[in-house]
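A quick write-up on the structure given underneath.
FYI, it's all coordinate maths here, none of it is from the lab. Since this is a predicted model, take the numbers as computed values, not measurements. Ideal geometry is used to build each Cβ from the backbone, glycine not excepted, and the neighbour counts take in all protein chains shown.
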Amino acid sequence: MTLLTILLMAVITFTTRYLFIHPRLPVRLGAKMAKLLSFSAPAVLTAIWVPIIFIQQGQLSISLHNPYLIAATLAIVAAAKGKSIYLTMFVGLITFVLSQYILSL
């Protein structure tokens with residue numbers, strides 16, 4: 001049953017994406033729908049990172065003892081100042097590892 005569900009999900013996903021990619025099929029999105037869908041990626045990413053950063057052990061954690069919050073804050077500053085994805089990732093990762101190490105002492 002699980003394998004059948006996975007296969008059906010794969011077929012549905014492939015079909016819905018193929019309809020918009022294949023050049024001979026006349027399926028096109030309207031301007032309003034395209035604009036609406038442009039907000040989906042930021043919305044999904046926000047739904048992923050907000051709980052990771054702000055919820056620790058099932059509770060809201062907005063303190064200096066939260067390594068995720070410290071690293072995210074410094075990564076945002078690095079992204080705003082440096083305009084480099086590599087710098088942002090490096091600052092975020094190093095800050096997270098160091099803050100986790102320091103807070104565990």
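Taking a quarter of the surface of the convex hull around the Cα atoms of segment 41-90, what do you get in nm²?
4.0
How long is the chain along each principal axis, judged by its Cα atoms, biggest number first, in Å?
Principal extents (largest minus smallest coordinate, Cα): 60, 41, 23 Å.
Could you tell me the center-to-center distance, by alpha carbons, between segment 62-98 and segment 43-60 in angstrom?
Measuring centre to centre over Cα atoms gives 16 Å.
Could you list Leu87, Leu3 in order of exposure, starting from the residue whose Cβ has the fewest other Cβ atoms within 10 Å?
Least crowded to most crowded, the residues run Leu3, Leu87.
If we count other beta carbons within 10 Å of each Cβ, what is the order of Ile70, Ile48, Ile55, fewest first?
Ranking Ile70, Ile48, Ile55 by Cβ neighbours within 10 Å, fewest first, gives Ile48, Ile55, Ile70.
What helices in the chain pass both tests, a Cα length along the helix axis of 27 Å or more and a mean Kyte hydropathy of -1.0 or higher, using whole DSSP H runs?
Membrane-span-like by this rule: 2-21, 85-104.
Need one number: nm distance between label points at Met9 and Lys32, each 7 Å from Cα along Cα→Cβ, rounded to one decimal.
Between Met9 and Lys32, the simple spin-label model gives 3.2 nm.
When the chain is modelled as a GNM with alpha-carbon springs shorter than 10 Å, which of Val50, Val91, Val11 fluctuates the most?
Residue with maximal mean-square fluctuation among Val50, Val91, Val11: Val11.
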